[in-house]
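Asker: Next up is a structure, given as C-alpha cells.
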Amino acid sequence: MRPRRHVVIMARAPRLGTVKRRLARDVGALAAWRFYRANLQTTLRRLARERRWVTWLAVTPDAAARRFPALPGRPCRIVPQGRGDLGRRMGRLVRTLPPGPVAIVGSDIPGLDAAHVAGAFRALGRADWVFGPAADGGYWLIGAARRRLPRDLFAGVRWSSAHALADTVATLGAARIAYLEVLGDVDSGADLARHGRKR
C-alpha cells in the first residue's frame with residue numbers, strides 16, 4: 001500500500017492577545033485576532049476536507065492541542081508542536097509523522113488553497129524538497145519527500161528574517177529542490193490592507 005500524503009498546518013491557539021503580535025502593533029489586538037481566527041478557519045476548510053491527504057493541525061502552546069476550539073472542515077488530527085524554535089518544531093514533525101511525503105504550511109496565508117498543496121506534492125514526485133517562497137524572504141510552504149533527511153536540518157536558520165528561505169536551503173546540501181509560486185502572509189497592517197484590496 002502506498003504511503004499517505006500528509007499536510008501539516010502550523011497554528012497558534014487563537015486567543016486574543018497571543019496571535020499575530022506584529023500585526024496587532026499596527027491594527028490592534030482585536031483586529032489581529034479576528035484576521036487570524038478567520039484565516040485559520042479558511043485554511044482548514046480548504047485543506048482538511050481533501051481526501052488526497054491526511055491533514056494535521058500542529059498547535060502551540062502544547063496544552064491547547066487537548067482542547068482546541070471546534071473549527072470547520074473534515075476532522076483533522078491535532079498534535080502539539082512541542083518545544084524549541086520553529087525549525088526544531090518543524091523538524092520534529094518531518095521526522096515523526098507516519099511514512100509518506102509531507103507538506104507544512106502556515107495559518108496566515110490568505111491565498112493558500114488545496115491546488116497549491118496538490119502542486120507541492122506533484123513537485124515532490126521529482127524533487128526531494130519543495131518550497132513556496134514568500135516575498136519577504138521566508139516561505140509559506142515546505143515539503144519533503146522524506147527519502148533522506150539531513151542531520152542538520154534547519155540548523156542556523158534565521159527565522160522571521162529575509163534569510164529564512166536561503167538559510168533553510170543551505171541546510172539541505174545537494175538535495176533536489178523545487179519551487180512553487182510566491183504567496184504573501186499577513187504580518188503587518190500594510191499586508192492586511194493589501195489582502196483586503198484583493199478580496
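The values are calculated or read from the model by the stated rules, or taken from the named source; none is laboratory data. Since the model is a prediction, treat every value here as computed from it, not as a measurement. Counting neighbours? That spans all protein chains shown, and the Cβs are built from the backbone with ideal geometry, glycine included.
Asker: Taking PRO99 as the residue in question, decide whether it is over 27 Å from ALA155 (Cα atoms) and either at pLDDT below 95 or not aliphatic (A, V, I, L, M) (or both).
Answerer: The answer is no for PRO99.
Asker: As an exercise: evaluate VAL117 against (1) within 19 Å of LEU172 (Cβ to Cβ); (2) out of contact with any Gly (no Cβ under 8 Å at 6 or more places or on another chain); (3) part of a helix (DSSP H, G or I) and give the number of the one condition it does not meet.
Answerer: (1)
Asker: Being farther than 15 Å from THR171 by Cβ and part of a loop (DSSP other than H, G, I, E, B) is the filter here, so list the residues in region 136-145 that pass it.
Answerer: Selection gives ASP136, GLY137, ALA145.
Asker: If you go through region 120-135 one residue at a time, how many are under 18 Å from ARG89 (Cβ atoms) and either in a helix (DSSP H, G or I) or among the polar types (S, T, N, Q) (or both)?
Answerer: Residues meeting the conditions: 0.
Asker: Return yes or no: is GLY87 part of a helix (DSSP H, G or I) and either in contact with a helix residue (DSSP H, G or I) (Cβ under 6 Å, 6 or more places away or on another chain) or within 24 Å of ALA145 (Cβ to Cβ) (or both)?
Answerer: yes
Asker: May I pose another question? With the requirement that a residue be surrounded by 15 or more Cβ atoms within 10 Å (Cβ to Cβ), over 11 Å from GLY138 (Cβ atoms) and in contact with a Pro (Cβ under 8 Å, 6 or more places away or on another chain), what does region 160-199 give you?
Answerer: Within region 160-199, THR171, LEU172, ALA175, TYR179, LEU180, VAL186, HIS195 meet the criteria.
Asker: Can you tell me which of (1) under 20 Å from ALA120 (Cβ atoms); (2) part of a helix (DSSP H, G or I); (3) small (Gly, Ala, Ser) is the one ALA24 doesn't meet?
Answerer: Among (1) under 20 Å from ALA120 (Cβ atoms); (2) part of a helix (DSSP H, G or I); (3) small (Gly, Ala, Ser), ALA24 violates only (1).
Asker: What number of residues within region 99-114 are over 14 Å from the mean Cα position of the chain (by Cα) and farther than 17 Å from ALA175 by Cα?
Answerer: Count: 2.
Asker: A further question on this structure: So if I check each of LEU40, LEU112, which one is of a type outside the set (Val, Ile, Thr), on the phi < 0 side of the Ramachandran plot, in a loop (DSSP other than H, G, I, E, B) and crowded, with 17+ Cβ neighbours inside 10 Å?
Answerer: Answer to the selection: LEU112.
Asker: Same structure, new question: Return the pairs, sorted by first residue and then second, in which the second residue is surrounded by 18 or more Cβ atoms within 10 Å (Cβ to Cβ), the first residue lies in region 52-65 and is without any contact (Cβ under 8 Å) to a residue 12 or more places away in the chain, the beta carbons are less than 8 Å apart, and the residues are 6+ apart or on different chains.
Answerer: Close Cβ pairs (under 8 Å, with a partner that is surrounded by 18 or more Cβ atoms within 10 Å (Cβ to Cβ)) do not exist here.
Asker: With ARG67, ARG74 as the choices, which residue is surrounded by fewer than 14 Cβ atoms within 10 Å (Cβ to Cβ), under 17 Å from VAL19 (Cβ atoms), at pLDDT below 90 and out of contact with any Pro (no Cβ under 7 Å at 6 or more places or on another chain)?
Answerer: One residue alone meets the criteria, ARG67.
Asker: For ALA29, indicate whether it is closer than 17 Å to ASP108 by Cβ and touching a helix residue (DSSP H, G or I) at 6+ places or on another chain (Cβ under 7 Å).
Answerer: no
Asker: Can you run down the residue pairs with Cβ atoms below 6 Å, 6 or more apart or on separate chains, where the first is in region 35-47 and over 15 Å from ALA103 (Cβ atoms) and the partner is surrounded by 17 or more Cβ atoms within 10 Å (Cβ to Cβ) and polar (S, T, N, Q)?
Answerer: Qualifying pairs under 6 Å: LEU40/SER107.
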